[in-house]
Amino acid sequence: MTAVGDMSVSVLAAGASVSSQLFGSGLIGLREGLEAAIVVTILVAFLVKSDRRDALKWVWLGVAAAVAMTIAVFLVIQFGENTISGLAAEAIAGIASLVAVAIVTTMVLWMKKAAATLSGELRGEMARALETGGLAVLSLAFLAVGREGVETALFMVGYAEAETAWPLAGLIVGVLIAVAIAYGIYVGALRINLAKFFTYTGAFLIVVAAGILSYGIGALQTVGWLPGLANRAFDISSWFNWSSWYGEVIQGIFNVTPTPTVVQLAAWLAYLVIVLALFLRPTRKPAKPSSGPPPDTAPSHSEPSHSDPTPEPESATASERSTT
């Protein structure tokens, strides 16, 4: 291994075990795949309940186009990392990592905020798309699913140097499990608290993103674009055997290096504190209107509780599950 390679803090530079590659990428596939599958479930259920099965083909075409775009982005990332060597590879990896962290952070925080109204917004957008035509339906499905697909591809930046198929295998397994869970929710055979699921996995992926940020900074320090490569924050390489299975899992999933630079450590800590605080803070519910019709003028059999807005992703999908 070259000196540049020795300095690299790649996610899998230490030869991470197969289990860490499978688990890390599998969780990414499960989380992002479930988000995309729920979006598709909502769109399909709306069309079925609206007796517009003729428009389903446009949804599936949009989904197929989004999957194709995701694969293309994924291959570009993998191809670029595996065909360019030396300082150029480090520079590209560093820039790609920082861009990935910025986009992924924005998407994770957006999902946290939008989860409460996701179902209602998608139904409204689908209703407007149906009035416009099939291409509008296709575009809606493409953008809704493609957003999650690009996020998934960017999360896989950390596995670009693996040079094995295990991260891809883990990603595919995670996506397949997500599709099975979404289908189970759709048909009413499965019920899980999706709000808690997305909170826990979102927090986990923020930790993963912090590791990608640390890796990107380390790569840019290696090529000399950032200072402080020789200033190590600490050295815990002797604390335990980092080449053991648990050491490889820690490095492979969280991108932890036993000898981080001061800049890497500071960026890692700052990112975790700020982004986790934003992600975990309670979501404010919309204020109810202070004024309304007098009780005696309201229709006696109106049922406002049956309106379309959905408080959580769980409710959004559970309400559709009888529409097979």
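FYI, it's all coordinate maths here, none of it is from the lab. What you see is a predicted model, and the numbers here were worked out from it, not measured in a lab. Every residue, glycine among them, receives a Cβ derived from its backbone with ideal geometry; neighbour counts consider all protein chains shown.
Add +1 for every Lys or Arg and -1 for every Asp or Glu among the other residues with Cβ under 14 Å from the Cβ of Thr152, and state the total. Don't skip to the answer; put the middle values down first.
Working: positive: Arg31, Arg147; negative: Glu32, Glu35, Glu148, Glu151.
My count for the surroundings of Thr152 gives -2.
Roughly what would the spin-label model give for Leu135 and Leu61, points 7 Å off Cα along C-beta, in nm?
1.0 nm
Please turn the phi angles of the range 232-243 into ³J(HN,Hα) values with the Karplus equation 6.51 cos²θ - 1.76 cosθ + 1.60 (θ = phi - 60°), one per residue in order, whole Hz, x for glycine and proline.
For the range 232-243, the Karplus curve yields 7, 6, 6, 9, 10, 5, 8, 5, 7, 7, 5, 8 Hz.
I'd like the trypsin sites (Lys or Arg not before Pro) in the range 127-229 restricted to DSSP loop residues with at most 16 other Cβ atoms within 10 Å, sorted by number. It would help to have the intermediate numbers written out before the result.
Working: sites: Arg128, Arg147, Arg191, Lys196; in loops: Arg191.
Of the trypsin sites (Lys or Arg not before Pro), the ones in loops of the range 127-229 whose Cβ has at most 16 other Cβ atoms within 10 Å are Arg191.
Check which residues have an amide H placed less than 5 Å from Thr261's amide H, if you skip close sequence neighbours.
Amide H to amide H, under 5 Å and 5 or more residues apart or across chains, Thr261 pairs with Ala233.
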